[in-house]
Amino acid sequence: MIIDVLVASLIVLAVIIAYRLFLKRLSKGRVNANEYCVLYSTETFIVQGEVEFYFQCPRPMNVDFKIWTLKEDETLVASGHYVKGGHIIRYDTSLLSNGIYTFGIETDSQKTVKKFEIKN
């Protein structure tokens, strides 16, 4: 009777260990979201005047915020060390001509880009 309980316990323990190893293997190669900033789209696709860009950092890191034309000409809007949390970058779109642009953030480990259109 005691041996049956011990054998059953051993089988349950072996199944739990095998399941954990299986989950660990499945998660291999996945992106660790705690290493990357999240960049949000503008409130509307078409913007004019002063626009606010928003991104969040999971930890303190150096971030470059840029705007690119479709021809890949780049404008550095902000660059610095940002603490953990949300950040707003304000930019006056009247400094650029009307058209479609991309904006984004660059860190040591990522480049994230979104599109928007300027109509002043």
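The values are calculated or read from the model by the stated rules, or taken from the named source; none is laboratory data. Values in this document were obtained by computation on a predicted structure and should not be read as measured data. Neighbour counts run over all protein chains shown; Cβ positions are idealised from the backbone, glycine included. Note: areas computed on protein heavy atoms with side chains; ligands, DNA, RNA excluded. Shrake-Rupley method; radii C 1.70, N 1.55, O 1.52, S 1.80 Å.
Does Val77 satisfy the condition of being under 20 Å from Tyr40 (Cβ atoms), touching a residue at least 40 places away in the same chain (Cβ under 8 Å), open to solvent by 30 Å² or more (accessible area, probe 1.4 Å) and not in a loop (DSSP other than H, G, I, E, B)? I'd like the intermediate steps shown before the answer.
Values: under 20 Å from Tyr40 (Cβ atoms): yes; touching a residue at least 40 places away in the same chain (Cβ under 8 Å): no; open to solvent by 30 Å² or more (accessible area, probe 1.4 Å): yes; not in a loop (DSSP other than H, G, I, E, B): yes.
Taking the combined requirement at face value, the residue does not satisfy it.
One line per residue, one yes/no per condition, for (1) among the aliphatic types (A, V, I, L, M); (2) not in a strand (DSSP E or B):
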| position | (1), (2) |
| --- | --- |
| Glu43 | no, yes |
| Gln56 | no, no |
| Phe65 | no, no |
| Ile89 | yes, no |
| Phe103 | no, no |
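Just one of the listed residues (Leu70, Leu96, Leu13) is of a type in the set (A, V, I, L, M) and free of Cβ contacts under 8 Å to residues at least 24 places away in the same chain, namely Leu13. All of (1) charged (D, E, K, R); (2) at pLDDT below 90; (3) open to solvent by 90 Å² or more (accessible area, probe 1.4 Å) hold for Glu35 with one exception: (3). Return a yes/no flag: does the range 92-101 have any residue that is at pLDDT 95 or above and either within 13 Å of the chain's Cα centre (by Cα) or closer than 27 Å to Asn32 by Cα (or both). Taking every residue of the range 92-101 in turn, none turns out to be at pLDDT 95 or above and either within 13 Å of the chain's Cα centre (by Cα) or closer than 27 Å to Asn32 by Cα (or both).
If you check Lys28 against the conditions, is it in contact with a strand residue (DSSP E or B) (Cβ under 8 Å, 6 or more places away or on another chain), among the basic types (Lys, Arg) and either open to solvent by 50 Å² or more (accessible area, probe 1.4 Å) or modelled with pLDDT of 95 or more (or both)? Full working, then the answer.
Numbers: in contact with a strand residue (DSSP E or B) (Cβ under 8 Å, 6 or more places away or on another chain): no; among the basic types (Lys, Arg): yes; either open to solvent by 50 Å² or more (accessible area, probe 1.4 Å) or modelled with pLDDT of 95 or more (or both): yes.
Spelling it out, it is not the case that Lys28 is in contact with a strand residue (DSSP E or B) (Cβ under 8 Å, 6 or more places away or on another chain), among the basic types (Lys, Arg) and either open to solvent by 50 Å² or more (accessible area, probe 1.4 Å) or modelled with pLDDT of 95 or more (or both).
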